1. Run the lone-cysteine check on the chain: no other Cys C-beta under 4.7 Å from the residue's C-beta.
2. Any aspartates and glutamates with Cα under 14 Å of the residue 17 Cα? List them, leaving off those in the same chain fewer than 8 positions away.
3. Among DSSP bridges having both ends in the stretch 2-62, what percentage is antiparallel? Round to the nearest 5.
4. What ranking do 90-98, 227-235, 451-459 get when scored by the average of other Cβ atoms within 10 Å per residue, highest first?
5. Could you work out how much longer the chain between residue 558 and residue 323 gets when fully extended? Use 0.36 nm per residue separation minus the Cα distance between them, nm to one decimal.
6. Give me the number: length gained by fully extending residue 370 to residue 464, i.e. 0.36 nm times residue separation minus the C-alpha to C-alpha distance, one decimal in nm.
7. Please compute the modelled spin-label separation between residue 11 and residue 572, points set 7 Å along Cα→Cβ, answer in nm with one decimal.
8. Starting with the fewest neighbours, write out 254, 104, 170, 463 ranked by other beta-carbon atoms found within 10 Å of each beta-carbon.
Amino acid sequence: MLEAIKNTLKEAFPDVKPELAIDARGILTIRGECASWDEAVAVGHLAAQSPEVKNVVNELAVKGQPDFRKDYRPYREMGNKAGRIDTVDVLIVGTGISGCAIARELSKYKLRILAVDKEDDVACGATKANNGNIHPGHDVKPGTLKAKLNLRGNELYTQWADELGFELQRCGVMGAVSDAKLRPLLENAAEGARKMGVSNPQTLDGEQAKQIEPGFAEQGIEPAAAIWFPSMGLVEPYKVAVALAENAVMNGVRFLFNCTVADVLTKDGRVIGAVTNLGIIETSYIINCAGVYADEISAMAGDKCYTIHPRKGTIAILDKSRKPIFHSLAGMLDRGKPKPKKDTESKGGGMCRTPEWNILMGPSATEVPDKEDLSSTPEGLAYAMSLGEAYGIGYGDIIRFFTGTRPADYKEDFFIELSPVTGGFINVGGIQSPGLASAPAIAEMVEGIFVEALAHDGPPLERNPTFNPLREREKEFRHLSHEEQDELIHREPAYGRIVCRCESITEGEILAAIRSPLPPSSVDAVKRRTRAGMGRCQGGFCQPRVLELLARELGKELTDITLRGEGTAILMADTRPNRVGSV
Ligand SMILES: Cc1cc2nc3c(=O)[nH]c(=O)nc-3n(C[C@H](O)[C@H](O)[C@H](O)COP(=O)(O)OP(=O)(O)OC[C@H]3O[C@@H](n4cnc5c(N)ncnc54)[C@H](O)[C@@H]3O)c2cc1C
């Protein structure tokens, strides 16, 4: 089999002479040198196509390109110097949507659980930089783990939203055509989706499409037929992560931020702890949810079994004055320029909206060698914006653009398993799109793996007798009736002071966030919880006030409050130390 892979690679890439090795588990390791990063990625993809290959460790070096691998030595030194700081049953590495979901799921059991992240808050990786689409599951490769977990995850989101009190809009997604002759193609696609288990796919005639999606009539578009998936949902992804984490905290999970895992300690083939920059954490189980770094954490545990090749995507957010064209996520499949080509494994790439009705354009998809590369390039932005040309959307509508990185492996599937090499180590890797949509099912699957592992390893797992899946959430001030607002201001005058004028966010809401079960410590962390700073002025007016509130409530100096953790100071020093009153 190795010979066959070698020949396939030789034919496609005659100049690359890779050394290949495959183990009994089907982990293929590729070493050697090639001319460009794109070539290295293409070699990895081609090799992964062999059905015998379970996953690919791609160690091809690129001629003349620096080594972007993270140097964990300084973190290890700090941690070893600090010594043991904690002992837990389960250590979760990474507090994106996967880590937060798993933390909450496992809080059903009587366990000491610690979730750590190298950043200063939850949702600082891919989880803060995506489209928030809860995909129905119709456009994922059938037979993959992604397909299975996307379907289940989509279904479970309703229960999550009810229990955790975040907004889920089941807006639906529609693809329409102007030529009735294309209807059989849509019927085939709907039938295919039904067979995959997608919830209620439908084929519509033009009138039905217009009834469900008023945007067509508003735009003067006459669809002849459409395919409709009513289960498509929209969420604010960071709010889901915060809700999960808060509920996990209520149920006994602890979170530790600014904590980088730099090594995994093992004894007799089992996990016994982790070295972090803050010190050593003893544990019997590690659940690796480290996003683009998950392959490195797995290698630390002695199980080098996949490589993450980061694929970045740029998204532009438009001002609310540019109203969404469609109420659902809709588009004409046979109108306008064909979409510029991009990697077919990544989803999205069109125009959608947030639950708050901001249009989102993009994302693009570009393979990059550096996991820290979150730069938004003119090309990436141009790709994202090109998709709105047909609707007169231009750069003047943008209030912000950002770039997130998809943690893709070479099988382009989720890689979730109890390591057969290192006992007590669970990989949750390759969680690219639809990782957000699949998160409830990822948590469910990891719970199953963990319970089974513990049944084998002992001691018996006990239920957490005080587990409460519910997280009470007060309605946002701006969504209350005038009577409700009056009543709230009487009870708590801070709700009568608007801090973020663009989004109408009150001081009361910011204080409630700072006093919540998982208090934010930076300005961006407040933004993720309240929306203060997410409007047209992007924090120009409210940032100083948020900063003051954070400093006052946390008992810190103004200069200690950062935008998003270490190295992002907003105020450098007090230039008028003898003044009376605050800055
Ligand atoms: C542009 C874009 C658009 C997308 N759109 C969608 C969409 O609409 N719908 C959808 O379902 N999916 C979408 N996705 C995919 C989705 O965002 C991801 O699948 C999901 O967020 C992955 O979550 P995660 O928790 O696994 O990883 P992450 O959110 O990346 O979290 C990993 C965490 O691990 C931490 N970490 C890393 N290394 C260490 C270490 N050594 N020590 C401690 N902590 C560490 C990081 O700081 C990070 O917080 C999109 C992704 C992108 C980039």
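1. Lone cysteines by the Cβ rule: 34, 100, 124, 171, 259, 289, 305, 352, 502, 537.
2. 3, 33, 39, 59
3. Numbers: 4 of 12 bridges.
About 35 percent, rounded to the nearest 5.
4. Working: 90-98: 29.6, 227-235: 23.1, 451-459: 11.8.
Put in order of decreasing packing, that is 90-98, 227-235, 451-459.
5. On the way: separation 235, 0.36 × 235 = 84.60 nm, distance 3.76 nm.
Using 0.36 nm per residue and subtracting the Cα-Cα distance, I get 80.8 nm.
6. Values: separation 94, 0.36 × 94 = 33.84 nm, distance 4.16 nm.
Between residue 370 and residue 464, full extension yields 29.7 nm more.
7. 6.0
8. Details: 254 14, 104 29, 170 17, 463 9.
Listing 254, 104, 170, 463 from fewest to most nearby Cβ atoms yields 463, 254, 170, 104.
Any read-out appearing in this document is the output of simple, stated calculations on the displayed coordinates, not a laboratory observation. All values reported here derive from a predicted model rather than from experimental measurement. As a convention, Cβ positions derive from the backbone with ideal geometry for all residues, glycine included, and neighbour counts pool all protein chains shown.
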